[in-house]
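K.L.:
One structure follows; several queries about it will come next.
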Amino acid sequence: MIESFFQYEFLQNAAITGLLIGLVAPLLGVFIVVRRLSLIADALSHITLTGIAASLLLEKRITAINDWNPIYMGMVFSVAGAILIERLRKVYKHYEELAIPIILSSGIGLGVILISLADGFNTDLFSYLFGSVTAVDRSSMWTVLSITVIVIAIVILFYKELFVLSFDEEHASISGVNGRFIHLIFIVMVALVIASSMQVVGILLVSALMTLPVASALRLSRSFKQTIGLSIAFGEMSVIIGLISSYHLSVPPGGTIVMTAVLLLIMTMAYKKVSTQQWVKGEAQ
Amino acid sequence: MKPIVEIDHVSFKYEKEWVVKDVNLSIHSGQFLGLVGPNGSGKSTLIKLMLGLVKPDQGSIQLFGQPLKKFQNWQEIGFVSQKANSFNSGFPATVLEVVRSGLVSRLGTLKFFNRQHEKKAMEALKTVEMEEFAQANIGELSGGQQQRVFIARALVSDPSLVILDEPTVGVDSKHVTDFYDLLGKLNKEQGITLLMVTHDIGTITEHATHVVCMNKTVHFHGASEEYKEFSDEDLNRLYGHSVQQLTHNHSHDEVNGR
């Protein structure tokens with residue numbers, strides 16, 4: 001594989017993009033999980049699909065734009081979906097989680113219609129749903145790199161605000177933190193990262209890369225910083241092992257990456273169980 | 001001297017019902033004020049109004065001489081809510097990380113935590129005698145210990161006023177005495193003004209310098225000594241019908257045949 005890595009540009013694109021999203025998806029994932037917003041990632045990935053479908057349809061109908069990269073339209077839809085969710089959460093104050101299924105099903109519903117109109121039920125679509133090692137081109141790689149740099153910078157700059165908001169919203173508000181503003185920035189970042197991750201992991205599995213590494217990290221960590229570090233470590237491990245096995249087994253990387261993350265989760269749970277038992281035994285003696 | 005908190009004819013309604021009605025209240029520097037009243041008397045709402053978490057329908061509030069809308073010096077105010085009962089105990093954070101987050105108001109945007117802030121957080125933990133738990137996960141502590149950590153978080157920004165909303169709920173009774181000793185120390189030795197919401201009238205009158213009784217509106221505001229001299233009938237008059245439940249302990253309730 002190493003030889004082919006230097007030989008084929010598409011492998012470099014996929015590997016570098018994979019490593020970038022392996023870092024940034026779990027980084028945002030930590031905040032998503034502790035704020036109990038895990039399903040938002042799912043809703044946004046489905047609305048991204050609608051954007052992809054819209055792009056495919058436009059491409060088909062208007063010949064002038066035949067070399068558009070659908071990822072950009074996906075990003076526009078994802079960000080719009082994120083802002084809509086925020087609006088809906090205010091409309092349904094007592095049922096905030098309702099915003100998620102509303103956006104998720106509208107996304108899929110509209111997506112299916114657009115895809116059919118574009119005659120898009122083909123291999124291309126398959127790679128958007130489950131990821132692909134060959135679909136990432138240079139320009140998307142650069143886009144993902146820019147998004148990664150921006151997201152890391154924002155998380156560092158607003159780390160303490162994000163922490164207070166996640167731990168205790170009331171306290172954040174009396175600390176003078178502008179919760180609405182920070183939350184808006186945050187959800188837009190999530191939307192961008194989801195659209196970025198889509199090419200490698202696939203729409204249906206993006207949310208797994210944001211939540212599974214965090215689920216593993218939560219079993220082992222004490223502090224918030226440690227949770228972030230371990231989540232990124234688990235995310236990168238999943239991407240690296242997943243991409244290599246995807247290449248060798250000729251299966252979509254979405255499947256192998258997510259299954260690696262699942263295996264890592266099972267291993268951390270087993271480790272935790274054994275170490276707790278040993279500790280209990282040690283205490284008893 | 002000008003009061004540090006001035007509540008002027010403040011009313012607040014939730015949906016169509018008045019929860020707080022025409023409240024006037026001033027808090028002066030150095031006081032330890034106990035805010036008591038029956039369930040649903042608007043105590044917690046009054047605190048939320050003071051902190052700007054909800055907006056009054058009528059009246060105005062001044063904090064440290066500034067109208068609430070313009071008030072920016074949030075580091076002057078520490079707040080301890082009933083979090084021992086309600087926060088996400090699975091949250092992956094150490095005690096030190098939680099206490100340090102109390103410095104956010106002092107730092108402002110685009111400033112980073114440094115070693116100095118860590119030291120400050122350790123000092124606050126020392127005040128509440130929890131420094132040995134600095135690296136422990138917040139969820140692993142007992143209710144009483146967590147409450148001390150939240151007090152440390154409120155103290156870390158060196159506030160001159162600390163507001164506590166029913167802080168002893170969920171803390172077992174043998175730790176409640178320690179808890180009041182700690183509050184007394186903060187008030188007398190460090191000169192911090194305290195405002196504490198509680199339904200435990202007996203204990204608060206022993207420790208607080210002043211007592212405020214409210215049931216939608218303020219019925220009594222004065223020194224604790226004065227309050228203790230009230231007879232049951234006076235209290236009845238103060239509160240109307242709900243006084244029994246409020247002022248009597250269980251043994252009394254039994255005597256009353258309830």
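K.L.:
Name the residue, out of A:S140, A:S106, A:S146, that is within 20 Å of the chain's Cα centre (by Cα), in a helix (DSSP H, G or I), more than 13 Å from chain B (Cβ to nearest Cβ) and buried (at least 20 other Cβ atoms within 10 Å of the Cβ).
P.N.:
Working: A:S106 fails: buried (at least 20 other Cβ atoms within 10 Å of the Cβ); A:S146 fails: buried (at least 20 other Cβ atoms within 10 Å of the Cβ).
Only one candidate qualifies: A:S140.
K.L.:
If you check every pair at least six apart or on different chains, which have Cβ atoms under 7 Å apart with a residue in the stretch B:104-133 that is in contact (Cβ under 8 Å) with a residue 24 or more places away in the chain first and a residue that is among the small types (G, A, S) and not in a helix (DSSP H, G or I) second?
P.N.:
Going by the 7 Å Cβ cut-off, the qualifying pairs are B:S105/A:S175; B:S105/A:G176; B:S105/B:S157; B:R106/B:S157; B:M122/B:A134; B:L125/B:A134.
K.L.:
Go over the candidates B:E132, B:E118 one by one and state the one that is out of contact with any helix residue (DSSP H, G or I) (no Cβ under 7 Å at 6 or more places or on another chain) and of a type in the set (D, E). So that I can check it myself, show each step before the final result.
P.N.:
Working: B:E118 fails: out of contact with any helix residue (DSSP H, G or I) (no Cβ under 7 Å at 6 or more places or on another chain).
Testing whether each residue is out of contact with any helix residue (DSSP H, G or I) (no Cβ under 7 Å at 6 or more places or on another chain) and of a type in the set (D, E) leaves just B:E132.
K.L.:
Scan the stretch B:112-140 residue by residue and report those that are within 12 Å of chain A (Cβ to nearest Cβ) and out of contact with any Lys or Arg (no Cβ under 8 Å at 6 or more places or on another chain).
P.N.:
Matches in the stretch B:112-140: B:N114, B:F133, B:A134, B:I138, B:G139, B:E140.
K.L.:
Please count how many residues of the stretch A:243-285 are over 18 Å from A:A217 (Cα atoms), without any contact (Cβ under 8 Å) to a residue 40 or more places away in the chain and part of a helix (DSSP H, G or I). Give the steps one after another, and end with the answer.
P.N.:
Keep residues of the stretch A:243-285 that are over 18 Å from A:A217 (Cα atoms), which gives A:243-256, A:277-285.
Checking the rest, the ones that are also without any contact (Cβ under 8 Å) to a residue 40 or more places away in the chain come to A:245, A:249-251, A:256, A:277-285.
Still in the running and part of a helix (DSSP H, G or I): A:245, A:249, A:256, A:277-284.
Of the residues in the stretch A:243-285, 11 are over 18 Å from A:A217 (Cα atoms), without any contact (Cβ under 8 Å) to a residue 40 or more places away in the chain and part of a helix (DSSP H, G or I).
K.L.:
Moving on to the next point. Residues being in contact (Cβ under 8 Å) with a residue 40 or more places away in the chain and either in contact with a Leu (Cβ under 8 Å, 6 or more places away or on another chain) or under 28 Å from B:V98 (Cβ atoms) (or both): count how many of those fall in the stretch B:30-48. It would help to see each step written out before you state the result.
P.N.:
Within the stretch B:30-48, the first condition is being in contact (Cβ under 8 Å) with a residue 40 or more places away in the chain, and the residues that meet it are B:30-39, B:41-44, B:46-47.
Narrowing the set further to residues that are either in contact with a Leu (Cβ under 8 Å, 6 or more places away or on another chain) or under 28 Å from B:V98 (Cβ atoms) (or both) leaves B:31-38, B:43-44, B:46-47.
Residues that pass the stated criteria total 12.
K.L.:
Tell me, please, whether a residue that is facing another protein chain (nearest Cβ under 8 Å), acidic (D, E) and assigned to a helix (DSSP H, G or I) can be found in the stretch A:155-168.
P.N.:
Checking the stretch A:155-168: at least one residue is facing another protein chain (nearest Cβ under 8 Å), acidic (D, E) and assigned to a helix (DSSP H, G or I).
K.L.:
Determine whether the stretch B:33-53 contains at least one residue that is small (G, A, S), surrounded by fewer than 15 Cβ atoms within 10 Å (Cβ to Cβ), under 26 Å from B:D200 (Cβ atoms) and more than 9 Å from chain A (Cβ to nearest Cβ).
P.N.:
Let us first name the residues in the stretch B:33-53 that are small (G, A, S), namely B:34, B:37, B:40-42, B:44, B:52.
Checking which are surrounded by fewer than 15 Cβ atoms within 10 Å (Cβ to Cβ) leaves us with B:40.
Okay, now just the ones that are also under 26 Å from B:D200 (Cβ atoms), so B:40.
With the extra rule that they be more than 9 Å from chain A (Cβ to nearest Cβ), the set shrinks to B:40.
Yes.
K.L.:
Here is a further query. Looking only at the stretch B:103-114, decide whether some residue is under 21 Å from A:E169 (Cβ atoms), of a type outside the set (S, T, Y) and crowded, with 23+ Cβ neighbours inside 10 Å.
P.N.:
Yes, some residue in the stretch B:103-114 is under 21 Å from A:E169 (Cβ atoms), of a type outside the set (S, T, Y) and crowded, with 23+ Cβ neighbours inside 10 Å.
K.L.:
Taking only the stretch B:64-90 into account, find how many residues are closer than 22 Å to B:I192 by Cα and either among the charged types (D, E, K, R) or within 11 Å of chain A (Cβ to nearest Cβ) (or both).
P.N.:
13
K.L.:
State whether the residues of the stretch B:53-66 include one that is at positive phi and in a strand (DSSP E or B). Write out each step before concluding.
P.N.:
Going through the stretch B:53-66, the residues at positive phi turn out to be B:59, B:64-65.
Adding the requirement that they be in a strand (DSSP E or B) leaves B:59.
Yes; the residues of the stretch B:53-66 include at least one that is at positive phi and in a strand (DSSP E or B).
K.L.:
Could you identify the single residue in A:S238, A:S231 that is surrounded by 21 or more Cβ atoms within 10 Å (Cβ to Cβ), in a helix (DSSP H, G or I) and within 14 Å of chain B (Cβ to nearest Cβ)? First the steps, then the outcome.
P.N.:
Values: A:S238 fails: within 14 Å of chain B (Cβ to nearest Cβ).
Within the list A:S238, A:S231, the selection yields A:S231.
K.L.:
If A:S216 satisfies every condition in (1) touching a Phe, Trp or Tyr at 6+ places or on another chain (Cβ under 8 Å); (2) within 11 Å of chain B (Cβ to nearest Cβ); (3) farther than 27 Å from A:V76 by Cα but one, which is the exception?
P.N.:
If we test A:S216 against (1) touching a Phe, Trp or Tyr at 6+ places or on another chain (Cβ under 8 Å); (2) within 11 Å of chain B (Cβ to nearest Cβ); (3) farther than 27 Å from A:V76 by Cα, just (2) comes out false.
K.L.:
Residues in the stretch A:91-99: is at least one away from chain B (no Cβ under 14 Å), farther than 30 Å from B:P92 by Cα, part of a helix (DSSP H, G or I) and modelled with pLDDT of 90 or more?
P.N.:
Kept after step one, since they are away from chain B (no Cβ under 14 Å), are these residues of the stretch A:91-99: A:91-92, A:95-99.
Next, only the ones that are farther than 30 Å from B:P92 by Cα stay: A:91.
Those still in the list that are part of a helix (DSSP H, G or I) too: A:91.
Imposing the further condition that a residue be modelled with pLDDT of 90 or more reduces the set to none.
The answer is no, given that none of the residues of the stretch A:91-99 is away from chain B (no Cβ under 14 Å), farther than 30 Å from B:P92 by Cα, part of a helix (DSSP H, G or I) and modelled with pLDDT of 90 or more.
K.L.:
Restricting to the stretch B:90-119, what's the tally of residues that are closer than 27 Å to B:L46 by Cα and either modelled with pLDDT under 90 or part of a loop (DSSP other than H, G, I, E, B) (or both)?
P.N.:
Selection size over the stretch B:90-119: 3.
K.L.:
Taking only the stretch A:117-137 into account, find how many residues are touching a helix residue (DSSP H, G or I) at 6+ places or on another chain (Cβ under 7 Å), surrounded by fewer than 15 Cβ atoms within 10 Å (Cβ to Cβ) and hydrophobic (A, V, I, L, M, F, W, C).
P.N.:
Matching residues across the stretch A:117-137 total 2.
The values are calculated or read from the model by the stated rules, or taken from the named source; none is laboratory data. Computed from a predicted model, the values in this text were never measured in an experiment. Counting neighbours? That spans all protein chains shown, and the Cβs are built from the backbone with ideal geometry, glycine included.
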